[in-house]
Structures are given as structure tokens and as C-alpha cells.
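Everything below concerns the one structure shown next.
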Amino acid sequence: MLKIEGLTKYFGGLAAVSELDMSVNSGDIAGLIGPNGAGKTTVFNLVTGFLRPTKGQVTFEGKDITAKKPHSIADKGMVRTFQSTNIFADFTVLKNIVLACHLKPKIGLWETVFHTRSSQHKEKDILQRSQKILGMVGMEAMADITAGTLAHGHKRLLGIAIALAAEPKLLLLDEPLSGMNAEEVSETMGVINRLWQSGITILLIEHNMRAAMNLCQRIVVLNFGKKIAEGSPEEIKGNNDVIQAYLGAG
């Protein structure tokens, strides 16, 4: 589904990502891990069009998407979340999803102005789809709560729900468990696993090593912008380069 070849990004004279080769197959739940500053989020930014690579190629479902615009890449079915929550704090949880869902069944200006039967039908579909998405992330009971008052873990889940509104084939999660307590981590891991079981391919960046090992079938490890290991969780656990770079142990 996703193929990255020779991906490189220089900032000045520093290579934030260097000659990265990796792939994500349809149906995977894969992880991209490494210590702080390893280049993980830069990879996401390059793959999703927020940064232009110095060199290399990114292919999604057989089509070259290198340096395409973010909205174009999202429209093809590759959607990402961000480390910071991207929610409308003053709107309800449901309204946040409804707004995101408007990106897909486009309602024309005249349909809106004249409140046509077509627009009414589309609005009904959007509401139903928004409620379904809230169910997917376990937040149905929070539909009418103001988003800004949510606990941190539920704000992160709402960010995932907003991404789901774009109907991703491949969902890129940037540190989805960041800042969560143990209960929130467990809840969010359950949501991620259910999304994967529903047929969404997932690539995630995660600092929580135990969570990454439990969630992912295959893991790529970066250090100083270079891939130092790739394999199953068991293979990664026993890799000396990973132990030294990621865990800081000799």
C-alpha cells in the first residue's frame, strides 16, 4: 500500500532522514519507533506532503505521491493525526466530527443556500456517519460535551475520530498515546486495534515501547534519521542496535 524508497530530507547540512526504505502492506498495523530526534515525525511530514523531500520517492497504492499537496494525499486515502490535538474546543464532540465529515460528500453552495432536498439528504447522511465514527472510538456518550472540556485521552481520541471522517485506507497516527495515563493508554490501544480489525491499515509513531510491541505486527526503528532495524516485535526486542540506541543500554 505504501512504499518509501531512498527518502531523504536535509535541513541545512543536517540529514533529518537519510536514505529510508520501508513499506506498509495493506492490512498491516506497523510501527515507526526510535529515540527523540530520530526523524519519525519528519517521515510522516514527508510522506503526507507537509514537507518536500530532498530526494527519494513515496508511492501509495502504486501511484507516485512524492511532494503532492497534503489535501491531495488525504483525498487518495492516506490520512494522519498530529501530536497536538486538532479540535474545535468550543464545539461539541459531535459537531467536530460533523465538520470533518463535510469534506467528503461535498454540498454545493446553491444546495446550502436553498436548503435543497439533496442537501438535506447529505446532511442526514453526515450526521449518521458522524455518530457511527463516535461509536468506533467509543465516544457515543460524549456527543454533546464541549470538546475543550474533555480529558486529555478523550481529546486524543477525538483527533483520531476527526481523521476517520476523511475515510482513510491508511491511517498514520503520530504518538497517539502521548501524555496518557495507564487507563487512557489501555482504552486507546483498544480503539486502535478495533480500527485495524475493521480493515484500516495503520502506521503509528509511538514512544511507549510496550504499547508499540503489543499493537504492531512489524516495526521499523530509526536513529539519527537512518533505519537501524526492521522486523517483528520479538526481533526488535532482541536487537542490540535498538537496545543501545532506543533504550540507551550497552
| query | Any idea how many residues of the stretch 43-102 are of a type in the set (Val, Ile, Thr), touching an Asp or Glu at 6+ places or on another chain (Cβ under 8 Å) and under 20 Å from residue 10 (Cβ atoms)? | reply | 1
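A quick yes/no check of all residues on (1) crowded, with 18+ Cβ neighbours inside 10 Å; (2) among the basic types (Lys, Arg); (3) touching a strand residue (DSSP E or B) at 6+ places or on another chain (Cβ under 6 Å); (4) not in a helix (DSSP H, G or I):
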{"residue": "178", "(1), (2), (3), (4)": "no, no, no, yes"}
{"residue": "190", "(1), (2), (3), (4)": "no, no, no, no"}
{"residue": "193", "(1), (2), (3), (4)": "no, no, no, no"}
{"residue": "211", "(1), (2), (3), (4)": "yes, no, no, no"}
{"residue": "221", "(1), (2), (3), (4)": "yes, no, yes, yes"}
{"residue": "235", "(1), (2), (3), (4)": "no, no, no, no"}
{"residue": "245", "(1), (2), (3), (4)": "yes, no, yes, no"}
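A quick yes/no check of all residues on (1) outside the structural domain of residue 157 (by TED's automatic domain parsing); (2) surrounded by fewer than 19 Cβ atoms within 10 Å (Cβ to Cβ); (3) modelled with pLDDT under 70; (4) in contact with an Asp or Glu (Cβ under 9 Å, 6 or more places away or on another chain):
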site	(1), (2), (3), (4)
107	no, yes, yes, yes
114	no, yes, yes, no
119	no, yes, yes, yes
122	no, no, no, yes
126	no, no, no, no
136	no, yes, no, no
139	no, no, no, no
| Which residues, taken from the stretch 125-145, are under 16 Å from residue 100 (Cα atoms) and either part of a helix (DSSP H, G or I) or among the hydroxyl-bearing types (Ser, Thr, Tyr) (or both)? | 125, 126, 127, 128, 129, 130, 131, 132, 133, 134, 135, 136
| query | In the set 62, 34, 6, 27, which member is farther than 16 Å from residue 221 by Cα and either touching a residue at least 40 places away in the same chain (Cβ under 8 Å) or touching a helix residue (DSSP H, G or I) at 6+ places or on another chain (Cβ under 7 Å) (or both)? | reply | 27
| Can you spot a residue in the stretch 84-96 that is under 27 Å from residue 61 (Cα atoms), crowded, with 16+ Cβ neighbours inside 10 Å and at pLDDT below 90? | no
| request: Would you mind finding the one in 219, 192, 133 that is closer than 30 Å to residue 11 by Cβ, in contact (Cβ under 8 Å) with a residue 24 or more places away in the chain and under 17 Å from the mean Cα position of the chain (by Cα)? | output: 219
| request: Being more than 22 Å from residue 59 (Cβ to Cβ) and either part of a strand (DSSP E or B) or hydrophobic (A, V, I, L, M, F, W, C) (or both) is the filter here, so list the residues in the stretch 6-41 that pass it. | output: 11, 14, 33, 38
| Boolean, residue 27 is assigned by TED's automatic domain parsing to the domain that holds residue 209, under 22 Å from residue 208 (Cβ atoms) and exposed (fewer than 14 other Cβ atoms within 10 Å of the Cβ) | no
| request: Find all pairs meeting these conditions: Cβ atoms under 9 angstrom apart; at least six residues apart or on different chains; first residue within the stretch 150-179 and farther than 24 Å from residue 46 by Cα; second residue assigned to a helix (DSSP H, G or I) and of a type in the set (Lys, Arg). | output: 179/156
| said: When the residues of the stretch 43-67 are narrowed to those that are under 13 Å from the mean Cα position of the chain (by Cα) and of a type in the set (Val, Ile, Thr), which ends up nearest to residue 208 (Cα to Cα)? | reply: 43
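The values are calculated or read from the model by the stated rules, or taken from the named source; none is laboratory data. As the structure is a computational prediction, the values presented were derived from the model and not from experiment. No Cβ is skipped: glycine too gets one built from the backbone with ideal geometry, and neighbour counts run over all protein chains shown.
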